[in-house]
Structure formats: C-alpha cells, structure tokens
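A.B. asks: The structure's right below; bear with me while I get my questions together.
The values are calculated or read from the model by the stated rules, or taken from the named source; none is laboratory data. Small disclaimer: the values here were computed from a predicted structure and weren't measured. Note that we place each Cβ from the backbone using ideal geometry, even for glycine, and neighbour counts take in every protein chain shown. Heavy atoms of the whole protein, side chains included, go into the accessibility calculation; ligands, DNA and RNA do not. Shrake-Rupley method; radii C 1.70, N 1.55, O 1.52, S 1.80 Å.
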Amino acid sequence: MAGTMNTTPCFIGPRMTVRGALLGEDDLVVEGRVEGSIAIAGHLVIAEGGVVESDIEVESVDIRGQVVGDVIASSSVTIHPGAQVHGNVRAPRVVIEDGAHFKGSVEMDVELPEGLARVRAR
Amino acid sequence: MAIAQRQGAPKLGSEGISTVIGPEIQVVGRIEGSEELRIQGYVEGTIQLSEALIVEASGVVVADVRARDVVIAGIIVGDVLASGRVVLQAGARVVGNITAPRVSVAAGAALRGQVSMGDSGEDGPAEGSTGGRTSFGRWRGGGSASGGSSGGRAPARGVIPKITRTPSRSAAAPAVQRATARAQEREDAPGPRIPPRRFTREEPPVPASPADQHAQDEIDGDGDVGAEDELIEVSEDGTVTTSLGKKQAARPRLPVRGKHIVEHR
Amino acid sequence: MAGTVIGRTIVIDGELAGDEALVVHGTIKGKIEVRQRVEVAADGVVEAVIAAPQVTVHGTVVGDIFASERADLRPESQVIGNIRAPRVLIADGAAFKGSVDMGG
C-alpha cells in the first residue's frame, strides 16, 4: 500500500546478487538473489527464478521463486504454484496455492469458538 | 414384501450416500473407515480414513486426522496427516500441523501450525542435521546457480549459517517466538538494524499487532508448545541438544551481517 | 434426507449424541444417544447402549435399547440386550436374547 504511490518498484535483476540488508519503503521485485535480509514497508515480489535466502519483513509478498528464511508480513503472504518456501510464515492472511512447496509453520489469527479454545488448552 | 423393501432401502443409501455426521450430531471417540466421511457436526477424538475426509463449513473436528485427502471448510483443531492433499477452503480454521504432499490454503482460510509438504521419505530425514544439508544442497544446486558463481569465499560463509539454521527451524519451536527473538537479537546488534523496526512502529494500525500479541499469549499458554516439544523428541533424539547448541553458535553471525551492511552503504 | 449416515466401512468407538436421525450401516461401539429415530441397517453392527425415541433394528445390536416411543426388531435382526420401551415389536425371524420392559 505504501508503495502504490511509486510507479517503479526497486528491481533486482536475474543476474544480480545482493548480499546484505535491503531496507526501504518502496516495493521490491527480486528476480535475482538476495542473501541477507529484506525489510521494506511495501510489496515484495519474488519472481520465478528469484532466490531469497534471508528473513523477510514486508507489508505483503508474492512468492513465485525460492525463499529460505522466515517471512513476516503485516498484510499478506501469497505462495504461488512452483514457489519453494522453507521457513516460517506469519501474516494476517496467508495463501498457499496448490502446486507450491512449503515447509515451515504458518501463523495466522485463528478465531476459534470459545468452547474450542478451552479444548485446545487441554 | 414390504419388509424386503425396507431392508433394501438403507443398502441403497449406503452405496449412494457417503457417511455423514450431521450438523446436530456429536461424536466423541475414534472413527475409522475406508469410505468418504463428511462432517457437518462435531467430532472429538481421532479420525482415520483411507478415503477423503470433508469437514464442511458447519463441521468442527477436534481430533488428529489421518486420511487420503482432507478438504476443510470448517474447523479442525488437531494434526492433519494426508497421503494425498489437504485443502483449506475459504472460511476454514485450522490449528495444528499439516503433513501432506500437497497442501493449499485459500484466501480467507486461517491456519496456525507447521506445514510439511513433499514425500515423507524426503522430508523426514531433512529434519536431521545431515538431511538438512542435502536438502539445502539440492535447493542450491537447483535454482541458484548464481550463488556458486559468486566467488570462493561465499561457500564457506554461506554453508555454515545455513546448516546452523536448519535444525533450529526444523526443531519446530514456535515460529513467531523464534522470529521475534531473532528480531530482538538483531536490534541489539549494530545500529543499521533500526530502520525496519521503525517501520513496524510507524504502522501500528496493522491488524497484526494487538491480535498477534494475543495469539502469542495463546501460544505461550496452551499445548502448542508442548506438542511441538514432543515433535522434537519424537523426530530426533539428539536434535534438541544439537539445535540449541548450534543456535547459539549461530549468533556470531550477526556481526558479520552488520559488516555487510557497512559495505552495502 | 438429511441426517447422519454411518457408512458400512466406518467404525466409531465412542459416544455419538445429538438431535438428528441416525442410520447405521457400519459399526458403533460405545453409546448412542439421539433425540430422533435410530435405524440399524442390515449391515449395521451396534455394540452400544442405544437411547432414542424410536429404534429400528435390521442388523445387529449388542447392548441395551431404551426407546421412549418404540423399539422395532425386524426379521433377520439380532439383538442381545435388554429393551425398555412402551411399544416393542419383535418380528418373526428376529433373534433376540434379553429382557423386555414395556413399562407396564
């Protein structure tokens, strides 16, 4: 959402490798490789072929490539078919599409009826 | 004659209609079978099927579930193990770990728990230290040829943190706690880490903050942690200790990261 | 017809309760307590106490039957247990072992 004002997102091309932290308030598209960390107040797209080996903290993210690391989004995480994600995902909305490969934990807000919350505590 | 008809009718029903636990029914106990089971009501206990389990929007299952396919529009509190696929449809609410070759989570579904996809034979050993290495090796070999081209010093630095991180994640401790802990560690680390924190603070209306803390409390309070501790013990006896040891060993990595940021600037 | 159907291959070991008609083709061990009709089909096996307004048995029941309206043992049915109901029908051909209490 913060990024919608900007017409061009930051772009890491397929033959680029970033080793270090990426910080900012723009949208970001990764077609190459990022090792380090990503913390942006914007939308992140990890394109097909893109590889992120780091923790990610963003507003929202679309993953079509590979991620090895934890993903925290304040809005949503979408893991598309063909994507490979190995890490923990935490966001209010998480979508894992059929054909995505995911291993890790998912943390969303799950509102259970009161009785069940009690059952859980058992 | 009339009797014959009466006897025939239910048989037809059995073949035409799958098993249904209706919305006004509660079952407490164990359910097993080799046919499709559709739950509109409440089931507590365990469910084991060789066919599909369908939890409809009104269905509530407080049970560990084993089935070929599991389609969820309602609620499951418990672990789900499927040999085929697990589908969380919009409106589904699941608290538990999911293991299946194929897992999909639709928009509007809510999930909290571990997800493991892929052949169990492949992912199982990946929990161990050596298995972790091979699985990452495979990943790197597959998609990230550019990593190999980045020079001789890269592998050494690349490999060590990766191996150390693998067990910590597969040890399956509560993700958020781990993640936040890591974030806090980072905050203590050299300065350049501050900007991301600021951005989180600048956006307090994000629904994550209060609700998440709530969720955090829940996690602290209930059996999730215990369940996952169990997981650790069951999967690898040695993993617990090694993962803890390695986690601490992984810390020195942070200054290295800081150095990168300096370079980056 | 809406309602709960327990298919032939299903085994429930536990307690089934609710306000809904129930047809059992499979196996239930434990306890059945519903506020509507229970039918144990010819292929059904119930090793449980059954409490319901009406209980109709085509199959096998091992356990007591408490029917507040009527209990109906059809031909071919096999019932071992006590029956308490204001109306009890035991058809010719039914096998029954137990006591009947019609409330007198």
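A.B. asks: Peptides C:84-92, B:107-115, A:48-56: what's the order by average Cβ count within 10 Å, highest mean first?
C.D. replies: Output ranking for C:84-92, B:107-115, A:48-56: A:48-56, B:107-115, C:84-92.
A.B. asks: Right, here's the next one. Tabulate in residue order the Karplus-calculated ³J(HN,Hα) for the stretch A:82-94, using 6.51 cos²θ - 1.76 cosθ + 1.60 with θ = phi - 60°, rounded to whole Hz; enter x for Gly and Pro.
C.D. replies: Whole-Hz 3J(HN,Hα) from phi for the stretch A:82-94: x, 6, 10, 10, 10, x, 9, 10, 9, 6, x, 10, 10.
A.B. asks: Another one. Please list the non-local residues whose amide H lies under 5 Å from the amide H of C:E33, H modeled 1.01 Å from N, same-chain partners needing a gap of 5 or more.
C.D. replies: Long-range HN contacts for C:E33: C:L16, C:A17, C:G18, C:A51.
A.B. asks: Using a 10 Å cut-off on Cβ to Cβ distances, tally the other chain neighbours for every residue of C:71-82 and report the average as a whole number.
C.D. replies: 1
A.B. asks: In Å, what Kirkwood hydrodynamic radius results for chain C from the alpha-carbon pair distances?
C.D. replies: Kirkwood radius, chain C: 13.0 Å.
A.B. asks: Return the distance in nm (one decimal) between the two label points of a simple spin-label model at B:S50 and A:E48, each offset 7 Å from Cα along Cα→Cβ.
C.D. replies: The two pseudo-label positions are separated by 3.9 nm.
A.B. asks: Something else about it: B plus C alone minus the pair: what accessible area, both sides summed, probe 1.4 Å, in Å² to 100?
C.D. replies: For B against C, buried area totals roughly 2300 Å².
A.B. asks: Is any residue of the stretch B:64-89 close enough, with backbone N under 19 Å, to a label point placed 7 angstrom from the Cα of B:S34 along the Cα-Cβ axis, and if so, which?
C.D. replies: Residues B:66-70, B:82-84 qualify, since their backbone N sits under 19 Å from the label point.
A.B. asks: In addition: If amide H atoms are built 1.01 Å from N in the plane of the peptide, which residues on other chains or at least 5 residues away come under 5 Å of the amide H of A:V67?
C.D. replies: Here A:V52, A:Q84, A:V85, A:H86 satisfy the definition.
A.B. asks: Taking each residue of A:78-90 in turn, how many C-beta atoms of other protein chains fall within 10 Å of its C-beta, and what is the average?
C.D. replies: Rounded to a whole number, the mean comes out at 4.
A.B. asks: Within 10 Å of each Cβ of C:27-35, how many other protein chain Cβ atoms are there on average?
C.D. replies: Counting Cβ atoms of other protein chains within 10 Å of each residue's Cβ and averaging gives 2.
A.B. asks: Using a 10 Å cut-off on Cβ atoms, rank the peptides B:50-58, B:33-41, A:9-17 from the highest mean neighbour count down.
C.D. replies: Highest-to-lowest ranking by the protection proxy: B:33-41, B:50-58, A:9-17.
A.B. asks: A further question follows. Compute a Gaussian network model of chain C, connecting alpha carbons closer than 10 Å, and tell me which residue from C:V61, C:V40, C:V23 fluctuates the most.
C.D. replies: Comparing C:V61, C:V40, C:V23 in a Gaussian network model of chain C, the most mobile one is C:V23.
A.B. asks: Please list, in chain and number order, the residues 5+ apart from A:F11 or on another chain whose amide H is under 5 Å from its amide H, with Hs placed from the backbone.
C.D. replies: So A:F11 has HN proximity to A:V29.
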